[in-house]
Every structure is written in structure tokens, then in C-alpha cells.
Amino acid sequence: MSKYSFTRIAHPSPKTAEERATLMANPGFGKVFSDHMVTIKWTTEKGWHDAEVRPREPFQIDPAASVLHYAQEIFEGMKAYRMADGSIGSFRPEENARRFNESAARMAMPEIPQDMFMEAIEALVHTDADWIPEGDGSFYLRPFMFASEAFLGVRPANEYIFCVIGSTVGAYFKGGYKTVSVWISQDYTRAAPGGTGAAKCGGNYAASLIATAEAFKNGCDQVVFLDAVERKWIDELGGMNVFFVMDDKTIITPPLGTILPGITRDSIIQIAREAGYTVKETPYSFDEWKEDAESGKLREAFACGTAAVIAGIGTVKYPGGTFAIGNSGDGEVTSDLRSRLTGIQRGTQKDNHGWMRTL
Ligand code: PLP
Ligand code: COI
């Protein structure tokens with residue numbers, strides 16, 4: 001039952017079924033958008049108000065809007081799936097709502113009631129259900145919030161806009177599930193203790209782009225950040241968490257703190273432990289990574305996140321050289337965990353945790 005009322009403004013000219021089919025045939029990642037968006041405003045005086053489902057269109061914001069100057073902005077990334085029975089499923093969406101509010105708190109922004117966040121997601125998904133593909137693709141939902149107040153002083157803004165847009169997506173990496181290559185950033189770090197590493201704020205990504213550009217220049221798909229204090233420990237990738245699989249099938253992943261607490265990461269830890277693997281949330285250094293890969297002690301490494309799901313890491317490059325992981329192919333544990341996770345997400349495996357929500 002819906003608790004909030006969303007004013008509905010239908011799209012004046014939605015894409016025709018034919019135009020939509022062409023766009024959805026080969027969507028790539030984050031380029032094909034659905035017809036509508038949800039917006040909800042917040043002001044200090046009125047709190048949350050003016051919830052709307054309306055045509056997706058450019059915002060009109062003041063040139064002095066705080067977000068354009070001080071980057072007070074947060075976002076989430078989650079997916080809706082077309083399930084075998086035709087219903088629309090989503091994976092642990094309340095975790096995205098919870099993390100969104102943790103990011104909001106860190107960025108001195110207003111929190112949004114969890115049920116309002118969920119209703120906004122549902123309103124968009126139901127309005128634009130035709131954009132949710134069947135088969136392997138999914139509908140990537142991007143809830144975000146930004147400071148819209150026109151004010152040049154530096155302080156938390158008094159006006160915000162919350163918005164949800166949706167995008168039909170295929171695989172995040174071009175090669176699908178072929179392994180990816182990563183670049184170790186030695187000059188740039190992503191997050192320091194006390195900073196915003198655990199929040200999903202746009203500023204973290206802005207600061208990471210130079211390192212991503214460096215990774216691309218070196219022929220790699222993603223960047224790996226080391227910790228900001230000792231420049232020694234693996235933190236995470238530009239847009240994904242990371243796991244290492246040893247020859248005894250022990251799995252290691254960096255502990256929470258300055259990294260984004262990934263929902264995929266948390267799910268993998270639980271799934272792997274239930275499947276009998278030992279999982280350690282413990283610091284792992286770049287030197288260990290290199291040594292263990294070269295000695296054969298490390299058999300697999302993989303990146304994980306909502307967008308990328310689970311992508312094996314085949315090659316690691318750093319300013320002084322390069323090394324391969326295992327046979328540079330998709331590892332046994334990596335593909336085992338991927339099939340367990342995607343099985344739950346796609347409804348082909350039992351969801352013992354009650355992680356799936358019908359939207
Ligand atoms: N780390 C970063 C920096 C990310 O951008 C993401 C993607 O959201 C993740 C990790 C993985 O998080 P999740 O599994 O919740 O998508
Ligand atoms: C996600 O996985 O949802 C992200 O936000 C990361 C980005 C690489 C798209």
C-alpha cells in the first residue's frame with residue numbers, strides 16, 4: 001500500500017515500442033535511459049514534498065546551486081530484474097536505502113524515509129516497466145540527491161532534490177565475463193581515514209577519475225586504490241570491491257573502513273561462508289598480492305559490485321611491471337560464487353536469505 005502520493009505527469013512522447021526495442025537490443029552500460037524520472041524536493045521549512053513521476057528531462061537549476069560548487073551530492077546503484085514469472089525483482093533494495101541515508105548523514109544532507117525511497121523506486125519501475133529487459137540484461141536504477149539551494153556560502157544547503165532515473169543495461173565491461181585487467185594507482189589515493197570513502201558521494205568518483213584515466217592509458221579496465229596512509233594495502237577499485245582466492249580456497253577481502261561497504265561484497269561473504277569457504281576480512285597488501293600471484297599461492301582475484309556483478313581479474317599492471325593471476329581466465333571459485341549470486345538474483349536458485357523483493 002502506498003503511503004506517499006506521487007503526482008503523475010505522463011510523458012508527452014514516450015519512445016515507440018520499435019525505438020525502444022532498437023535501444024534495448026544492445027544497451028551497453030548507462031547509455032539507454034527510460035522515459036520517466038521520479039523527483040522529490042526537500043526544504044528546511046517543508047521537509048520532503050512535491051513527489052512526482054514525470055518525463056525524464058533536464059533539470060533547471062540555479063547557477064549558484066550548491067552542488068555545482070561544493071559537490072554536495074550522493075547516489076546509489078541498484079538493479080531491477082525481469083523474473084521468469086514476469087514479475088519485477090530487486091536484490092536487497094532496503095540495503096541501498098540504508099546506505100543512501102548513511103551517505104546522506106556523512107554529507108550533512110537530509111535522510112529520506114526508507115519507505116519513501118522504496119516507493120520512489122517502485123513508481124519509476126512500474127511506470128517504465130517496458131524498459132526492463134528479459135534475459136541477461138537488467139534495469140539499473142540510479143537514485144541520487146543533490147543540493148539545489150542557490151547560495152555561495154559554504155555550509156550544508158537548505159534545499160535538495162532527490163531523483164531516480166533508470167537505464168536498461170547489459171554487461172558493465174565490454175567483454176562480458178572475460179577477465180579484466182587492473183592498474184595499481186601509486187600516485188593517487190581514493191579515501192583517507194575520516195574522509196568520505198565509505199559514502200557514495202559524487203566527489204569520491206570525481207577525485208578518482210584521473211587514476212581511472214591513467215588505468216585506461218595503460219591499457220587497463222579499472223583502477224585499484226591503495227590505502228592513503230601507508231600506500232600499501234589494497235582498498236578497492238574505482239567502482240567495485242575486490243576479493244582474493246588462495247590455493248586452499250581461503251577468500252580474502254579488505255576490511256570496511258575507508259572503502260564503500262558494497263552490498264554485493266556483503267552478499268558474497270555470506271554466500272561463500274555458507275558454501276563452506278573460509279572468508280577473511282583482513283588487510284592484504286600489494287606486495288603480498290604480487291608475491292602470492294607469482295608463487296601460485298593466489299589462484300584468483302575478482303571485482304564485484306552491482307554494475308559489474310562479479311568480474312574475474314586476469315592481469316595486474318603497476319608502474320614497475322605486470323603480473324598475471326592464475327591462468328588469467330575465469331577462476332573456479334569466482335564462477336562458483338557468481339553462479340550462486342546470480343542464481344538468487346535471477347530466481348533460479350533458492351533465496352534462503354529473503355534478499356529478493358518484488359517491486
Ligand atoms: N566500491 C565502489 C567504489 C563502488 O562504486 C561500488 C558500486 O556501487 C562498489 C564498491 C560495490 O557496491 P555494491 O556492491 O553495493 O554495488
Ligand atoms: C554500481 O556498481 O552500481 C556503481 O555505482 C559503480 C559504477 C561503476 C557504475
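The values are calculated or read from the model by the stated rules, or taken from the named source; none is laboratory data. In this text, all values refer to a predicted model and were calculated from it rather than measured experimentally. FYI the Cβ positions are ideal-geometry reconstructions off the backbone, even for glycines, and counts take in every protein chain you see. Surface accessibility is based on the protein's heavy atoms, side chains included, excluding ligands, DNA and RNA. Shrake-Rupley method; radii C 1.70, N 1.55, O 1.52, S 1.80 Å.
If the condition is being of a type in the set (Ser, Thr, Tyr) and either out of contact with any strand residue (DSSP E or B) (no Cβ under 7 Å at 6 or more places or on another chain) or open to solvent by less than 70 Å² (accessible area, probe 1.4 Å) (or both), then the stretch 6-61 contributes Ser13, Thr16, Thr22, Ser34, Thr39, Thr43, Thr44.
Yes/no matrix, rows are residues, columns are (1) part of a strand (DSSP E or B); (2) of a type in the set (Lys, Arg); (3) touching a Gly at 6+ places or on another chain (Cβ under 8 Å); (4) in the same structural domain as Ile271 (by TED's automatic domain parsing):
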residue: Arg20; (1), (2), (3), (4): no, yes, no, no
residue: Phe29; (1), (2), (3), (4): no, no, yes, no
residue: Val38; (1), (2), (3), (4): yes, no, no, no
residue: Ile61; (1), (2), (3), (4): no, no, no, no
residue: Ala80; (1), (2), (3), (4): yes, no, yes, no
residue: Gly89; (1), (2), (3), (4): yes, no, yes, no
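For the stretch 114-127, check the following and say yes or no: at least one residue is surrounded by 21 or more Cβ atoms within 10 Å (Cβ to Cβ) and part of a loop (DSSP other than H, G, I, E, B). No, the stretch 114-127 has no match at all. Of the residues making up the stretch 116-166, not one is within 18 Å of the chain's Cα centre (by Cα), within 16 Å of Val53 (Cα to Cα) and polar (S, T, N, Q). Ile344 meets the conditions (1) in contact (Cβ under 8 Å) with a residue 60 or more places away in the chain; (2) buried (at least 16 other Cβ atoms within 10 Å of the Cβ); (3) closer than 29 Å to Gly219 by Cβ; (4) not basic (Lys, Arg) in every case but one. The failed one is (3).
Considering the stretch 214-227, the residues that are away from ligand 2 (no atom under 13 Å from the Cβ) and within 19 Å of the chain's Cα centre (by Cα) include one that is farthest from Ala147 (Cα to Cα), namely Val224. Residues in the stretch 212-238 that are within 12 Å of ligand 1 (Cβ to nearest atom), closer than 13 Å to Lys317 by Cα and among the aliphatic types (A, V, I, L, M): Val223, Val224. Checked against (1) under 21 Å from Phe91 (Cα atoms); (2) of a type in the set (Lys, Arg); (3) touching a residue at least 12 places away in the same chain (Cβ under 8 Å), Lys290 passes all but a single condition, namely (1). Note on the stretch 264-287: residues that are touching a residue at least 24 places away in the same chain (Cβ under 8 Å), among the β-branched types (Val, Ile, Thr) and in a helix (DSSP H, G or I) total 3. The number of residues in the stretch 134-152 that are at pLDDT 95 or above, in a loop (DSSP other than H, G, I, E, B), open to solvent by less than 60 Å² (accessible area, probe 1.4 Å) and over 23 Å from Ile9 (Cα atoms) comes to 1. Yes or no: Ala303 within 16 Å of ligand 1 (Cβ to nearest atom), closer than 16 Å to Val180 by Cβ, open to solvent by less than 10 Å² (accessible area, probe 1.4 Å) and of a type in the set (A, V, I, L, M)? Yes; evaluated as a whole, the condition is true for this residue. Do you know which of the residues in the stretch 189-228 that are under 16 Å from Gly320 (Cα atoms) and part of a loop (DSSP other than H, G, I, E, B) is least open to solvent (accessible area, probe 1.4 Å)? The residue in question is Cys220. Of the residues making up the stretch 95-105, not a single one is part of a loop (DSSP other than H, G, I, E, B) and at pLDDT 95 or above. I'd like to verify a number: residues in the stretch 153-182 that are open to solvent by 30 Å² or more (accessible area, probe 1.4 Å) and either away from ligand 2 (no atom under 16 Å from the Cβ) or within 16 Å of Gly305 (Cα to Cα) (or both), how many? Residues flagged as open to solvent by 30 Å² or more (accessible area, probe 1.4 Å) and either away from ligand 2 (no atom under 16 Å from the Cβ) or within 16 Å of Gly305 (Cα to Cα) (or both) within the stretch 153-182 amount to 10. Counting only residues that are out of contact with any strand residue (DSSP E or B) (no Cβ under 7 Å at 6 or more places or on another chain), away from ligand 1 (no atom under 16 Å from the Cβ) and closer than 23 Å to Tyr205 by Cα, the stretch 258-289 holds 0 of them.
Candidates in the stretch 93-112 are the residues that are open to solvent by less than 10 Å² (accessible area, probe 1.4 Å) and within 10 Å of Ile263 (Cβ to Cβ); of these, the one that is farthest from the chain's Cα centre (by Cα) is Pro93.
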